[in-house]
Amino acid sequence: GSQGPVVVIIGAGIAGIAAAEKLHKHGFQNIKVLEATGRTGGRIRTERFAKGLVEIGAQWIHGPSPGNPVFELASQFGLLRPDTLLEENQKIKWDDNPSSLQVIYSSAGRKIDPEVMTNITELYNTWVTQVRNFTNADCDPEASVGQFIREKIVHSSQEWDKEQVKMNMALLGALLKVECCVTAAHSMDQVALCPFGEYTMFPGLDCTIPKGFESLVNHMKAPLPEGTVLLNKAVKSIQWNGSFPGSNSHVHPVQVQCEDGDSFVADHVIVTVPLGFLKKRSVDFFSPPLSPRKTQAIKNLGFGTNNKIVLEFEKPFWDSNTTMIQIVWEGESPLTEPKKDLKQNWMKKLPIFVVLEPPEQMGHVLCGFIAGEQSEYMETLTDEEILSAMTDLFRKFTGNPELPPPISMVRSQWHSQPYTGGSYSYVAVGSSGIDVDNLAEPLPTDKEVLKPLQVLFAGEATERNFYSTTHGALMSGWREAQRLIDRYSDLGVTVSKAKL
Ligand code: 6YU
């Protein structure tokens, strides 16, 4: 068998695969990736739908430009469209995105003048910019993004006439629902104000991967020796700070127990399970238990739900140049609580549909986004119930009571996935970037211990500036792999020598 340090990685999402791939490249020979489900990719998940492919999880490379490792790898593997690779495309900043062609429908069955929406969006964006300029220094940890924006709305609305107030409130309500989808929070009132600006964006106009986001993970895992990744191997618990005999009279500090009774000894374990899983399971997952600091970080940080409802239509009811359809509920206001009865009202949380392109390869497909409690409620409904609600919604908004229903649909259910428990993380009210760093800190923390770096933490939620993204997850996997690579080079041995 192969020798050298034994590394067990838990989870085969992009963080786990990135860690494995980097360790492998640096000569580590004893790597296992244990994955609970029957597939790799985790929250990167591409499925066949309509005439083409649809992303159930991650959809865009956010900020495709040099420095973004997902962009760099995807372009290295030849997975990007030629226009994505243009330098001018890579220079576009998040706040000067050329406004794409959107149609805005209102619940009164009419279209809203895009210029009205553009003006209110500009105003809204100036507030978001102000939010991003806060720093932890000037902040009340209980302050929220939602509260800040509401104060701005109240203030600005004093200058609007009565008719404008009604429409602007409805439009701002829609923009806040989009923000909930981006953040995966139920309400922006749950999202901490001051750390918000720590989230960092690369320049570049967001792009997709035509062969599917999952093709990136498949390329990344290709160099791993066969048998490295074990599927359907759910980990039940991790015992650390122990002495567990291995195969070659070696004693290892960590032992990983699986749900199926298997166990693995290791010198190092890299935990990449989602924060949603840790929130549910961390109490009995680690033995000895985690430090109060780590436990607090898991509890304090936010992990919410953003889901997709993807609908295929026989014929498009939108123009061929439409890229987005926005949904505005007239009479709603971001200053009042949404209706509590989820059965009747869940669909009101859904603010936007993106047109999936190109129609020649895709068919006529809209991808809707919905976040929060309403999104979690949607997961409990049947396809038929959702289809019927969506048919009613489009009939109401287009003002066409005869509009044919979608011919097929697929939706995500990230909250009910036992090994995910939601979509992605955010810095919640009462927490800060320090919690993200605490979550990322390896165990044992004591630098003097004989066996350091027994349990390491990676995954999307552990990257202070890039959480909630595929590139953040990828960076976190590389970060922890690098920690081990440095550890062994600090000892004056390269890993390949160590095996002799
Ligand atoms: C991005 C995007 N995107 C939409 C939706 C979702 C996400 N993201 P994984 O979960 O992948 O892997 C862990 C594995 O561990 C998994 O396979 C488990 O089965 C396994 N596991 C768990 N427990 C286990 C056990 N006990 N034993 C063994 N195995 C176990 N990111 O870049 N572009 O467009 C989107 C989107 C619906 C759900 C996204 C997007 C997020 C990424 O998908 C996600 O971060 C990574 O894939 C996670 O990888 P991982 O390896 O860490 O975990 C200020 C402010 C800003 C707020 N944020 C703004 C950014 C917006 C984020 N964008 C989202 C938008 C969409 C549409």
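The values are calculated or read from the model by the stated rules, or taken from the named source; none is laboratory data. Keep in mind the model is a prediction, meaning the values are calculated, not measured. We place every Cβ from the backbone using ideal geometry, glycine too, and count neighbours over all the protein chains shown.
Annotations for the structure displayed:
- Identity of the residue in segment 420-443, small (Gly, Ala, Ser) and not in a loop (DSSP other than H, G, I, E, B), that ends up farthest from GLN147 (Cα to Cα): ALA440
- Complete set of residues in segment 46-59 that are among the basic types (Lys, Arg) and near the ligand (Cβ under 8 Å from one of its atoms): none
- Subset of segment 160-208 [in a loop (DSSP other than H, G, I, E, B) and more than 10 Å from the ligand (Cβ to nearest atom)]: TRP160, ASP161, HIS186, SER187, LEU193, PHE202, PRO203, GLY204, LEU205
- Being out of contact with any Lys or Arg (no Cβ under 7 Å at 6 or more places or on another chain), modelled with pLDDT of 95 or more and buried (at least 24 other Cβ atoms within 10 Å of the Cβ) is a property that holds for ILE31.
- VAL235 being at pLDDT 95 or above, under 18 Å from GLY38 (Cβ atoms) and in contact with a helix residue (DSSP H, G or I) (Cβ under 7 Å, 6 or more places away or on another chain): no
- Set VAL229, VAL251, VAL265: member being within 16 Å of ALA19 (Cβ to Cβ) and of a type in the set (A, V, I, L, M, F, W, C): VAL229
- Beta carbons closer than 7 Å, at least 6 apart along the sequence or on distinct chains, pair a first residue in segment 49-72 that is more than 15 Å from ASN307 (Cα to Cα) with a second that is part of a loop (DSSP other than H, G, I, E, B) and near the ligand (Cβ under 7 Å from one of its atoms) for HIS62/THR469.
- Qualifying position, being at pLDDT below 95 and in a helix (DSSP H, G or I), among SER476, SER489: SER489
- Every residue from segment 27-41 that is away from the ligand (no atom under 15 Å from the Cβ), part of a loop (DSSP other than H, G, I, E, B) and either of a type in the set (Lys, Arg) or within 19 Å of PHE264 (Cα to Cα) (or both): PHE28, GLN29
- Subset of segment 433-474 (residues that are under 30 Å from CYS207 (Cα atoms), without any contact (Cβ under 8 Å) to a residue 24 or more places away in the chain and away from the ligand (no atom under 12 Å from the Cβ)): none
- In the set (1) crowded, with 16+ Cβ neighbours inside 10 Å; (2) without any contact (Cβ under 8 Å) to a residue 24 or more places away in the chain; (3) within 14 Å of the ligand (Cβ to nearest atom), the condition left unmet by VAL256 is number (2).
- Restricting attention to segment 42-51 and to residues that are over 19 Å from the mean Cα position of the chain (by Cα) and in a loop (DSSP other than H, G, I, E, B), the residue that is surrounded by the fewest Cβ atoms within 10 Å (Cβ to Cβ) turns out to be LYS51.
- Consider segment 260-294 and keep the residues that are of a type in the set (D, E, K, R) and without any contact (Cβ under 8 Å) to a residue 60 or more places away in the chain. The one that is nearest to the ligand (Cβ to nearest atom) is ARG281.
- Condition check for GLY430: touching an Asp or Glu at 6+ places or on another chain (Cβ under 8 Å) and surrounded by fewer than 19 Cβ atoms within 10 Å (Cβ to Cβ): yes
- For segment 52-148, the helices (runs of 4 or more DSSP H) that sit wholly inside it and include 1 or more residues that are among the basic types (Lys, Arg) and farther than 27 Å from GLY422 by Cβ are 87-91.
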